[in-house]
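The structure appears right after this line, and notes come after that.
The values are calculated or read from the model by the stated rules, or taken from the named source; none is laboratory data. The model shown is predicted, which means the values in this text are computed figures rather than measured ones. Please note: Cβ atoms are built from the backbone with ideal geometry, for glycine as well, and neighbour counts cover all protein chains shown. With ligands, DNA and RNA removed, areas are computed over all heavy atoms of the protein, side chains included. Shrake-Rupley method; radii C 1.70, N 1.55, O 1.52, S 1.80 Å.
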Amino acid sequence: ETDHRSIAVRCRTMRFLLPNRCLTVACLVALVHVPVLGDESAVLSLDTSTFDAVLGANPLLAVTFYAPWCGHCTNLGPEFEKAARALSGRFTFAKVDATVEIELTERYHVDGYPTIHFFTRGNHEEYTGSRLNASIVQWVVERAGLAMTVATGEEEVQRLLAARRSGSYFVARGSAPLKELFGRLAEENRIMGSFVFLEATAGESPSVRVHRGSGEEVELSGESTAEPGKVFEFVRSQMLPLFGEIDEDNYNTYMAQRPAGMLWVCLSQASLKEDVARISPTLREVAAQHPSFFATYINEDLYSEHVRDELGCTEFPMVVLQVGDLTASEEEPKRYRLPLKEPSALEGLASWIVEAVEGRLEADDLEGAAEDEEDIHEEELEGMAANADTGRLDANAFSDEL
């Protein structure tokens, strides 16, 4: 029997993990049929019988997989339509009802709605930006261009790196063979990050350097850069930092690695820069000792719902260790929390992780926390209903509910 209360809580707390989406199972608790797009649409409606033909005929194709009952899909519909009209003649936009076209949903591993895939000459990448038409247009246009930037000089490389946010940059320096190799790698692996090539100066050894996280750099050089397998493995294995910021731009990259868990540091915007500078050396050491976990920090001001509901952070800075497959829907990962205000807590972080992994610490009671949250939610609703019955509506309760 389905536990609708725990499912409803899960749906609310996954807003960062699957930003602006309804989960395929979780949101079945709120079935509302709403048409996503109008009859006169610039967006094609595809099914299993037409999808491959349209994909073959359109080298640049954006497809949204939606569910008719999903509220986020309803909100996306008009924005997707505007993007389709803005790029009409240059790109093709289409939609697939994922609740009907199960074969297509499984083929492209759609696990939440809406999911947008952009197909570039057969290769596809999942869209991770905002659901506004301007963001969709910008992202699609950028992805349709060359996968690799060929820099004109070192100044351009440094300018690109200075504008880097949470994503990784891969910079290759060398001659024509490395340029060709790196270009192919970039075209097939756009989701990994941004690829840049610069022709090496006379006497300069060929190299591939990864710029990641907060100032982390790793390099592959010499003869290894001539071997495609070694270059790909280097980029794949080094693309994520030992310790870095996680946000909507790189979350899918983290999850694609199917980590055995995640070490989160919840930080407040007010002291974020100072906290990152203070804890980074220790967190990098800890991450190197526990390579099965990714070490990240998350901005509480930007992702307050995820920080509060999914991670259970109540003070900052705080470390949260999740142990288990974060991509699995069948079982919640175990969760352990440790406040980091005291210097001694940071110094003992490595041993704390060992104790948690070995089962010598008690994990959070996630079921109880979910029930408490739901009870509070129900009390708020009952209070609103009581106020409404007496002709009074408490402004604070109404604001909180929204």
**Request:** Filter the stretch 353-377 for residues that are open to solvent by 30 Å² or more (accessible area, probe 1.4 Å) and either in a loop (DSSP other than H, G, I, E, B) or modelled with pLDDT of 75 or more (or both) and give the result.
**Result:** Val354, Glu355, Val357, Glu358, Gly359, Arg360, Leu361, Glu362, Ala363, Asp364, Asp365, Leu366
**Complete:** If you go through Ser205, Ser194, Ser214, the only one that is of a type in the set (Ser, Thr, Tyr), surrounded by fewer than 18 Cβ atoms within 10 Å (Cβ to Cβ) and touching a Phe, Trp or Tyr at 6+ places or on another chain (Cβ under 9 Å) is Ser214
**Fill in**
Taking the stretch 116-172 and the residues there that are charged (D, E, K, R) and in a loop (DSSP other than H, G, I, E, B), the one that is most open to solvent (accessible area, probe 1.4 Å) would be Arg165
**Search result, residues across the stretch 140-196 that are of a type in the set (Asp, Glu) and within 29 Å of Ser130 (Cβ to Cβ)** = Glu142, Glu156, Glu187, Glu188
**Request:** Hey, can you tell me all the residues within the stretch 36-83 that are in a helix (DSSP H, G or I), within 24 Å of the chain's Cα centre (by Cα) and of a type outside the set (D, E, K, R)?
**Result:** Gly71, His72, Cys73, Thr74, Asn75, Leu76, Gly77, Pro78, Phe80, Ala83
**Message:** Cβ contacts < 7 Å: first residue outside any strand (DSSP E or B), restricted to the stretch 199-219; second residue β-branched (Val, Ile, Thr), any location; separation 6+ or different chain. Result?
**Reply:** Pro206/Thr225; Ser214/Val276
**Message:** Can you list residue pairs whose Cβ atoms sit under 9 Å apart, with the first residue in the stretch 102-125 being free of Cβ contacts under 8 Å to residues at least 60 places away in the same chain and the second being part of a strand (DSSP E or B) and open to solvent by 80 Å² or more (accessible area, probe 1.4 Å)? Count only pairs 6 or more apart in sequence or on different chains.
**Reply:** Tyr108/His124; His117/His124; Phe118/His124
**Request:** Filter the stretch 84-93 for residues that are of a type in the set (D, E, K, R) and assigned to a helix (DSSP H, G or I) and give the result.
**Result:** Arg85
**Selection count, the stretch 94-115, where residues are among the polar types (S, T, N, Q), assigned to a loop (DSSP other than H, G, I, E, B) and open to solvent by less than 10 Å² (accessible area, probe 1.4 Å)** = 0
**Message:** For the stretch 221-240, check the following and say yes or no: at least one residue is surrounded by 15 or more Cβ atoms within 10 Å (Cβ to Cβ), modelled with pLDDT under 95 and assigned to a loop (DSSP other than H, G, I, E, B).
**Reply:** yes
**Item:** Qualifying positions in the stretch 167-204 - farther than 14 Å from Arg236 by Cα, out of contact with any Leu (no Cβ under 9 Å at 6 or more places or on another chain) and small (Gly, Ala, Ser)
**Value:** Ser175, Ala176, Ala202, Gly203
**Request:** Quick one: in the stretch 182-216, of everything that is in contact with a Ser or Thr (Cβ under 8 Å, 6 or more places away or on another chain) and among the aliphatic types (A, V, I, L, M), which residue is farthest from Gly229 (Cα to Cα)?
**Result:** Ala200
**Request:** Kindly indicate whether any position in the stretch 74-93 is open to solvent by 20 Å² or more (accessible area, probe 1.4 Å), more than 24 Å from Thr253 (Cα to Cα) and in contact with a Gly (Cβ under 9 Å, 6 or more places away or on another chain).
**Result:** yes
**Prompt:** Only one of Glu106, Glu142, Glu126 is of a type in the set (Asp, Glu), closer than 20 Å to Leu60 by Cα, modelled with pLDDT of 80 or more and under 21 Å from the mean Cα position of the chain (by Cα); which?
**Reply:** Glu126
